[in-house]
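Every number here is computed from the coordinates shown, using simple stated rules; none is lab data. Everything numeric in this text was worked out from a predicted model, so none of it was measured. Here Cβ is always computed from backbone atoms with ideal geometry, including for glycine, and neighbour counts include all displayed protein chains.
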Amino acid sequence: MLKITKVKRNSIAKELGLEVGDEILSFDGLPCEDELDLLYYTETDGFTLCVRDSRTGEIAEIEVEKEEGEELGIAFEKSCSLRTCHNRCLFCFVDQMPKGMRESLYIKDDDYAMSFTCGNFVTLTNVSDEHLERIIRLRLSPLYISVHTMNGKLREKLLRNRFAGKIAEQIQRLAENGIEIHAQAVLVPNENDGDELAYTARELFKYYPTVRDLACVPTGITKYRDGLHPIPDIDKAYSEKLLDLVDSLNAEFGVNFLLPADEYFIKAERQMKDASFYGAFAQIENGIGLTSKFHAEAYESLNALPKDYALKKTKKSLLISGVSGAKANAKLISDCNQKIGLLQAEILPVKNEFFGETVTCTGLLTGRDIVKAVKAYQKAGGAFDELVLAGNTMKEFEDIFLCGMTLAQMKKELSCKNIRVNRDGGYGLIEILRTESETI
């Protein structure tokens, strides 16, 4: 049900006599659950609308005729309901979160609407046959699905959910009805890797290109795992073996179907794949191809600078990074120093003491750990003119770190006014490094 909160002037809704407070109950006789129904029917040229009048309580059916894509002209009360996770995954990252953080970080969403609109991964274990049919009917494509394994019994074990074993049937039904899928497998060593991963990849590739790709992601392990299922961390040998398997399977398929997370290349001390390997970077939010895309953008901007490009005066830029990012970007920063005259950029790798040193990505650094690392750097004699932070260390659209520290508080603690935040990937980094900066 959608409750109308606004009706635009000169709109179809106004012509139909819809009023604020009226409730949309169904489209073409099918129950209206949320805004996805409205989005779908907006793209059609006609339908039957069932509405409850807010003044009389009477229910009426209204025939709607319009152009495809033409909006009804209404706003509605946003739904606060969110389909949450019914699993107890052996590798769940939320279960490894410490207490006292932002409430939103503890929400285990598993909502197919969020998968379609925002690219969130879902397991489909809380989806009924009726909802699967709704996904198909409303053409909610693409979907991002946490498959993990196509072995039903193993999936039940990993997700600790007796309904998790239906994944093969669900994938088949979605794919055969044209719902595009981006899949992922969070790999637990000695569980769903190796031969099991090969089986999963081959089963999913049967539906290629409707199933577009399969991301291979390592289990995130924090220091807060007391009482949880023991999972070993990955090392160089493990990562080398995984990457060899990925290359072998992709060669078998003839396309880059399996997409390994950047972390495997860093652990294996291997060169990242070229940006072209990842196509349209559909799984970049999953840490897939992020480094390659960042480097491609950065070198494009860097190489576009004039041969004798130089700053007006020496500038020392200190770039904050997780341990993995520091290794991956070391050559890039060296090349920046060579290309941009008077630039002295340096990466400061920050150990993640908050989550534990097994967590090495930049996006999970906390403000407290950054402040501690910068103060230690300064105490050891280090100096800089500007501090450069990656935008993903903070909440989207808000300058607040995972630990709750704000950017303003960080500036105060470090007595540092010149903290520059890069929210524009490789292009943004070069723009920051190539421009003048005030001295702290």
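General remarks:
- Exposure proxy order (Cβ contacts within 10 Å, fewest to most) of 48, 366: 48, 366
- Sorted by Cβ density within 10 Å, fewest first, the residues 9, 137: 9, 137
- Low-density loop positions, trypsin sites (Lys or Arg not before Pro), the range 295-366 - DSSP coil, at most 12 other Cβ in 10 Å: 307
- Cα lying deepest toward the dipole's positive end in the chain, options 309, 415, 265, charges on Cβ: 415
- Shape category assigned to the range 325-440 from the gyration tensor of Cα positions, a/c cut at 1.5: rounded
- Taking 205, 397 and counting other C-beta atoms within 10 Å, the order from fewest to most: 397, 205
- Farthest toward the positive end of the dipole of the chain, out of 428, 200, 112, is the Cα of 428, where the dipole comes from beta carbon charges about the Cα centre.
- Anchor residue 3: lysines whose Cα lies under 29 Å away (excluding residues fewer than 8 positions away in-chain): 14, 66, 78, 108
- Centre separation in Å (Cα based) which lies between the range 322-348 and the range 134-180: 42 Å
- Label assignment, Cα Rg over 2.2 N^0.38 Å derived from the structure, set (1) 0.95; (2) 1.08; (3) 1.13: (3)
- Computed from point charges on the beta carbon alone (+1 for Lys and Arg, -1 for Asp and Glu), the dipole magnitude for the range 335-418 about its Cα centre is near 280 Debye.
- When DSSP beta bridges are restricted to pairs lying wholly in the chain, around 40% turn out antiparallel.
- Charge dipole (Cα centre; +1 on Lys/Arg Cβ, -1 on Asp/Glu Cβ; no other charges) of the chain amounts to roughly 2340 debye.
- Shape call, the range 193-331: gyration tensor on alpha carbons, a/c limit 1.5: oblate
- Put the Cα centre of the range 355-394 next to the Cα centre of the range 243-298 and the gap is 26 Å.
- Rel. contact order, % - alpha carbon contacts under 8 angstrom, at least six apart, the chain: 10 percent
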